[in-house]
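Below you'll find the structure, written out as structure tokens, and then a few comments.
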Amino acid sequence: MNSGYDYRKFVYWIEEPLFSDVKTKIEARGISLRETKKAVCIPLSKSVQAGYVLPETWGRFELCKRQLSWYRSSSYYGKILLVSSHDLNDSAMSAEIIIRRSAFKPSSLPLTGEKARLIERLSYQNARPDEWNNIESQEIEEKERWLKVMGLRGVKFEDLFVSHSANHANFIEPVYFVLEGDERVPYSICKTSHVCSACMEWYNIIGGSFRKKLVVPCPGAVLFAGLVTNRYYEVTQCAST
């Protein structure tokens, strides 16, 4: 699992009352700091030096509003997300996550029936927000727009949702993983076209109990952040977390 060091992002979660001081220190270093007002994956772009997402933004972008319910039901709710191409440790805070490109390729991926079994487990059922599962409330036009974004034709959204859910489930209680010593490293179990809200794993909202994860970008991250289709990214928790 050799990593490509041409891409590196540092992820921070900051308490809202502290953010103004942090922002001032970052800008004093000459680092351009950009607020993301729609897709929360935009700060992952190589073209964004540093970007942040306010708590209210996670419910603002209609295309991902249901998917980002994982944030609104997590321990990070109310915190400000900051993603930087620079290590900001000397700004009186420590990164929680470092993201790098990886050369990893999985030896096996599940079939449809295996995906269904992953989401039947209590670990997933107890973790998922009710809003995440509320796909019936989405208008037909919205579902069709989502499929168009993903470049999929002839696929029912309900069938695709099984893959979306199973992928998250594998980061909650992994069945598909590799071992590094005695540590399990879960990985994405679908290609980009069948992955949804991969930012949940990148930002440690899902899979936070594992020191390392291997995550494939969803179509949104490819479109909005320029990440590479079907490429795995290594997501590593820093020692201080």
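Side notes on the structure shown:
- For region 7-240: relative contact order, % (alpha-carbon pairs under 8 angstrom, 6 or more apart): 24 percent
- Hits among lysines - C-alpha to C-alpha of residue 212 under 26 Å, sequence gap 8 or more where chains match: 9, 46, 79, 105, 115, 191
- Summing charges over all other residues whose Cβ lies under 13 Å from the Cβ of residue 109, with Lys and Arg as +1 and Asp and Glu as -1, gives +2.
- Net charge of Cβ neighbours under 11 Å - reference residue 69; Lys, Arg +1; Asp, Glu -1: +2
- When shorter helices are ignored and each DSSP H run of at least 4 residues is given -39500 (n - 2.57), the per-residue value for the chain at 222 nm works out to -8000 deg cm²/dmol.
- Probing with 1.4 Å while keeping every protein chain in the model, the per residue accessible area of region 7-240 equals 45 Å².
- Per DSSP, loop trypsin sites (Lys or Arg not before Pro) in region 150-241 with at most 16 further Cβ within 10 Å: 153, 156, 191, 211
- Each Lys or Arg adds one and each Asp or Glu takes one away; over the other residues whose Cβ falls under 10 Å from the Cβ of residue 79, this sums to -2.
- When a 1.4 Å probe is rolled over the protein heavy atoms, the share of accessible surface on region 7-240 that falls to carbon and sulfur comes to 49 percent.
- Restriction of the GluC sites (Glu not before Pro) in region 149-234 to DSSP coil positions whose beta-carbon has at most 16 other beta-carbons within 10 angstrom yields no sites.
- For the chain, with +1 on Lys and Arg beta carbons and -1 on Asp and Glu, the positive-most of 102, 218, 171 along the dipole: 102
- Prolate/oblate/rounded label for region 1-133 (Cα gyration tensor, a/c 1.5): oblate
- Magnitude of the charge dipole for the chain, about its Cα centre and with charges confined to Cβ atoms of Lys, Arg (+1) and Asp, Glu (-1), is about 620 debye.
- For region 105-139 versus region 216-235, the gap between their alpha-carbon centres in whole angstrom: 20 Å
The values are calculated or read from the model by the stated rules, or taken from the named source; none is laboratory data. This structure is a prediction, so every number in the text was calculated from the model and none was measured. Using ideal geometry, Cβ is built from the backbone for each residue, glycine included, and neighbour counts are taken over all protein chains shown. The area values use the complete protein model at the heavy-atom level, side chains included, leaving out ligands, DNA and RNA. Shrake-Rupley method; radii C 1.70, N 1.55, O 1.52, S 1.80 Å.
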